[in-house]
């Protein structure tokens, strides 16, 4: 919510510091002092602690400093001292350096279209490096955008072979992966190569329905609310850290097709939000949950 | 939503016809003709079919007819002919005849207070015949309302004994039961005696969490939405027909206590809605789901 | 919500009867009897009365009858007798007969894209006859869909001249008009020619802000919620019958650009819903308000 | 959302620092360094800037420090130096020191009941010093809580006389005022005496309706959403800084009574949230808007 969509002359000098460490007194003081001494102005700062006594501390600072692109390495070296003192896991990013995305799709286009549209009007601050699909169906939808479309067929036998192909395609070209209704399981090597950088979207219900045809099950059960969950992909299927969720009301008049249609609308908005927050470094992962600084 | 909260001089003449039968042509024509010939004016009418070809048809008609209280039996007898023709399950109710409720509670008071407050200001068109609890804690909260409070202790050994006591207390005095955070399992005899007339409220999450301490589990998983479900009680625990659901947003800053607090707010509003719809005969049960004519 | 998105073999035989008349006993009986005698099966029926005593009655019946396309004129003639008895305003439509839309746009594309995408995947049961714009900007966005794009420049002096052009373009080709962020006032002749058939979308706030730069005003005032309203266009600017509204939460961190971005998301979903309901004959107008049978 | 509802042994040592000043580099560094040097641990910290270049900076820090009650004055003196450097408006509060509330009511009880119930179960961390009303109607509702109820009749002629009485009653006993559906205008002296400390709740609509009988106007206009706004009271009626807003969906079936009933539910929840945030020092006022650190 706090991201510029219009880019100012100074956007190149906008940096972000993402920190996670054991909580103890003095962290904010040390970080803010470091930035002050470097001549940086804090534009936005968010903190969270799981417990002031012995918990874990999370921090995202957005700052502005002259000549950031030139000084990036120097700042990183300088910060390492503070980081060591507090046993920080940390990273520093440049707001102007766009993350490169690979979009994985199958046959359904609603999430893909949503992302492409937002990308074209400048709402998605990323480079879309490629679209990868196990089908050819969505190739025409991607063509007008001039983005490479790679068709990599997958079946049970060829899953690992396909993965090799995926990893080759993405090597040195992709910072994060968005599964925009990609209906295949992601193998372990990919998950490890892009840890906490693969975002998936799936339907959600109150209560949850396990197994095939979830919309049919939800219809059978007469749920009054359906939703969608965007999460990072982990080895445990659909159990990774939740980034965002949202819901829509439904009622007894909704047929299975209506539930699916309404589900599509929730999915594409939830996925777009989650991707945006990831691109803006607003999501920190803590175990199997997320801290989202909105 | 379409119920009068202020009672007009003619409220005594307001009736409702609830129908469910195999769908086929001519049902609405037959029902509306019957009412017209009886001098009744249709105030509100809702229909739903699961499938026009071979599905089940549901209908709720609210009508106004002079001298309804005197003519009730005559109308019911007269309608039986139409009902037989279409193999209807049906009932006719008088809007002015308040349903008698038993509220079951344990120690938490948020749902109880919500129902008592709405009842006192006239939003809950019911007689609250009694409050039954396995604890004495909420007796003082009920006292000012002049409603009998029955303390019936329950433990694993005494569950069936307690049920006998419950059924005695409610005999001929109670039309429907509301489990307003009653933390005991309802035994089969009670469920059968009050089929589709026992309303329960429980927390709901995306995804669902099975087992103990669900709010702790939801906190562990970092859910972004928590909700509540009001449903009719069936033999299968918490799996009965859903009447209403709603949700609230939460985030990483919420501690378990915050989730519980927010959960309470959702629960009491969802339960109050579900109870109101039940009292107004707006809920029809179809297998394990509901048709709610709002 | 109750519309088929997949078309069955029998879709051609699906009809809709839309009625509005003074409320009095016997209307439903007469209508349902008429349909029954014509061999039609009621698939869905919704009614609403503003007041059972002296109010106005609204009804939408969706029915299925063999050979509807062939029997359309005969059915309409036959129904006129019933209609006269109850002083009905009414119309009968065929579900399979797609309404023809003209989309009016200016420079912003979010509503246009949303409608085009839904139309392409079959969610919008309409023919899009043309796009009309006072600018050339969105011509490339429309081109891939093969829909005629008419550029009709408008300024204060040429408003009526442009209207003549609009009316010529749409003559015999357009059943309804969607103002998908068209930033010009619609003149009277067009409003009268397409009464209750021109749908507009605009931002809405709590409270409302009159005058220029509403998002700036909302930002100044620190609103916590922003919304959008879809309504039929009447002579009184932005005061026509409301079809649908929705909102999103915002907070102090949102800059004007963020409010606009969030506003776009609300606008396109609200407009898409309103257009869909109009296409499915789910909206009846009553004075300056609507009855929406969802 | 981040407030403890259960009080720990260390709650007495929990402090809050609220700051607003011109934005410039070094503020966070100075504040966090001050706290660190005082042996305080930051539990929660939120910042907001209206513009990093020449804007205004807002900060709320929640900290834990041993023996806070004893050290309060010393800490305040010590901080003044930092405050002066940055031209801060600031205050330091003790979380354990409950704010004292006066609740103003007229005849409607929904907001009063909501606040009393939350207060009793410990959700409202305040002392309710008194209830003041221009009517006697709600005296019985307050009696069981043992809170003084002052009946101060008000009419056009006696408005200023009544104000004198109000100010006398509240002198040295009240930190903040909640207008829980108090249907009288608050005179200037009271507004000035309790600047940004009088919270009002009122209905809100899309669009807004000015003048008498707003629910009737909303019904006439056929709105699809109704809401409520909690705001600080300023001299300009209902135009003060907005603290919170929320909405509920309504439709054509809602009569004026239904809109009012639904409006009550929104009002009481929105007011309870706003009061809670005020009590927890989560609301900072900036001109005519608020920064709410949730």
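Between the alpha-carbon centers of the range A:220-294 and the range A:147-180, tell me the distance in whole angstrom.
Answer, in whole Å: 23.
Any chance you could give the angle, 0 to 90 degrees and rounded to 10, that helix C:159-170 forms with the longest Cα principal axis of chain C?
Helix C:159-170 sits roughly 40 degrees off the main axis of chain C.
Just to check, using Stokes-Einstein with a Kirkwood Rh over alpha carbon pairs, what's the diffusion coefficient of the range C:3-94 at 25 °C and 0.890 mPa s in µm²/s?
Calculated translational D: 180 µm²/s.
So if R0 is 35 Å, what FRET efficiency would residue D:192 and residue D:150 give, r being the distance between their Cβ atoms, rounded to the nearest 0.05?
Efficiency for this residue pair is about 0.95.
In whole Å, what are the extents of the range D:120-188 along the principal axes defined by its C-alpha atoms, from largest to smallest?
Projected onto the principal axes, the Cα atoms of the range D:120-188 cover 40, 25, 18 Å.
Once you wrap a convex hull around the alpha carbon atoms of the range C:44-134, what is its projected area averaged over all directions, in nm²? If you can, show how the numbers build up before the last one.
Values: hull surface 37.3 nm².
The directionally averaged projection comes out at 9.3 nm².
For the rotation taking B to D, I'd like to know which residue in chain B has the C-beta closest to the axis, plus that distance in Å.
B:144, 3
When the Cα atoms of the range D:65-192 are enclosed in a convex hull and the volume is divided per residue, what value in Å³ results?
So the per-residue Cα hull volume is 142 Å³.
Mind pulling the angle between the C-alpha long axis of helix D:27-37 and the longest principal axis of chain D? Nearest 10 degrees, somewhere in 0 to 90.
70 degrees
Over all directions, how big on average is the projection of the convex hull of the alpha-carbon atoms in the range D:195-254, in square nanometres?
With every direction weighted equally, the projected area is 4.2 nm².
For helix D:68-85, what angle does its Cα long axis make with the longest principal axis of chain D, in degrees from 0 to 90 and rounded to 10?
Here the helix axis deviates by roughly 80 degrees.
Roughly what % of DSSP beta bridges within the range C:99-292 run antiparallel, to the nearest 5? All intermediate terms of the calculation are to be shown ahead of the outcome.
Details: 18 of 35 bridges.
For the range C:99-292, the DSSP antiparallel bridge percentage is about 50.
Distances from residue C:212 to the same position in the other copies: list them in nm, one decimal, shortest first, using label points 7 Å from Cα along Cα→Cβ.
Label point to label point, same position, other copies: 3.7, 6.2, 6.7 nm.
Grab the beta carbon distance between residue B:216 and residue C:161, set R0 = 51 Å, and tell me the FRET efficiency rounded to 0.05.
0.15
I want the antiparallel fraction of DSSP beta bridges within the protein assembly as shown, as a percent rounded to 5. Walk me through the numbers on the way to the answer.
Values: 166 of 234 bridges.
So the antiparallel bridges amount to about 70 percent of the total.
When each pair of different Cα atoms in the range A:113-269 is counted once in the 1/r mean, what is the Kirkwood radius in angstroms, to one decimal?
17.1 Å
Please state the shape class of the range B:218-294: rounded when a/c is under 1.5, otherwise prolate if a/b exceeds b/c and oblate if not, all from the C-alpha gyration tensor.
Here the range B:218-294 falls in the prolate category.
State, to one decimal in nm and shortest first, how far the label point of residue C:148 sits from each corresponding label point in the other identical copies (label point: 7 angstrom along Cα-to-Cβ).
4.3, 7.8, 8.0
Kindly provide the helix-only [θ] at 222 nm of chain B, computed as the sum of -39,500 (n - 2.57) over DSSP H runs of four or more divided by all residues, to the nearest 500 deg cm²/dmol?
Numbers: 8 runs with 94 residues, N = 294.
That calculation yields -10000 deg cm²/dmol at 222 nm.
Let me understand chain A better: what is its radius of gyration from the alpha carbons, and its Dmax, in angstrom?
20.7, 63
Return the whole-Å distance between the Cα centroid of the range B:71-109 and the Cα centroid of the range C:59-86.
The range B:71-109 and the range C:59-86 have Cα centres separated by 35 Å.
Placing the label point 7 Å from Cα along the Cα-to-Cβ direction, what are the distances from residue B:55 to the equivalent spots in the other copies, shortest first, in nm to one decimal?
With the label placed 7 Å along Cα→Cβ, residue B:55 yields 2.7, 5.0, 5.2 nm.
Calculate how many DSSP beta bridges within the range C:39-140 are antiparallel, expressed in % of all such bridges and rounded to the nearest 5.
Restricted to the range C:39-140, the bridges split so that about 55 percent are antiparallel.
Would you mind giving the mean number of other chain beta-carbons within 10 Å of the Cβ of each residue in D:29-35, as a whole number? Kindly include the intermediate steps, with their values, before the conclusion.
On the way: counts 11, 4, 3, 10, 7, 1, 4.
Across D:29-35, the average partner-chain Cβ count within 10 Å equals 6.
Per-residue mean of other chain beta-carbon atoms within 10 angstrom of the beta-carbon, peptide C:227-237? Don't jump to the answer; show the numbers that get you there.
Details: counts 6, 1, 5, 1, 2, 0, 0, 0, 0, 0, 0.
Per-residue shielding by partner chains comes out at 1.
Divide the volume of the convex hull of the Cα atoms of the protein assembly as shown by its number of residues and quote the answer in cubic angstrom per residue. Present the calculation step by step, with values, prior to reporting the outcome.
Numbers: hull volume 227.8 nm³, N = 1176.
Measuring per residue, one finds 194 Å³ for the Cα hull of the protein assembly as shown.
Mind checking B:141-149 for the average number of partner chain beta-carbons within 10 Å of each residue's beta-carbon?
Working: counts 3, 0, 1, 4, 0, 0, 0, 0, 0.
Average per residue, whole number: 1.
Bear in mind these aren't lab numbers, they're just calculated from the coordinates by the rules spelled out. Source: prediction; values computed, not measured. Methodologically, a virtual Cβ is constructed for each residue, glycine included, from the backbone with ideal geometry; neighbour enumeration extends over all protein chains shown.
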